[in-house]
1. State the extension gain, in nm to one decimal, for the chain segment bounded by residue 58 and residue 95, taking 0.36 nm per residue of separation less the distance between their alpha-carbons.
2. Of all DSSP beta bridges in region 14-122, what percent run antiparallel (nearest 5)?
3. Could you tell me which of rounded, prolate or oblate describes region 16-109, using a ≥ b ≥ c as the square roots of the eigenvalues of the alpha-carbon gyration tensor, with rounded for a/c under 1.5 and, failing that, prolate when a/b is larger than b/c and oblate otherwise?
């Protein structure tokens, strides 16, 4: 059996089990949110979605990435989910069959924001100027 050691600070890719458990947790939370089973006015108002859940190698901790739809306040979304953490953990434990229900930590998922920022940069006049006519789809040979 070969043993790979990672350099300090180098993250390991998640195992298939971590990915599978993360996806089970994501589905359980998404179902609770979509059915309106979380009786918290802030959660309902923010229409929170769960794009990803990352689970620690020992499966005891799960970071739940959340996004409020329609430009809702990310900090308010995190606080609302944190308020309901114990209840949510219990619900997840009932829905998925694990030896231990993982501790849930909620974080705002800013990937969509970052993607939009990069897209805006790529389409800015300064970058378009640097890219030249090929990037705009202009072709000198077009009749």
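Every number here is computed from the coordinates shown, using simple stated rules; none is lab data. Because the structure is a prediction, the values reported are computed rather than measured.
1. Working: separation 37, 0.36 × 37 = 13.32 nm, distance 1.91 nm.
That pair, residue 58 and residue 95, stretches by 11.4 nm at full extension.
2. Details: 6 of 12 bridges.
Close to 50 percent.
3. In terms of gyration-tensor shape, prolate.
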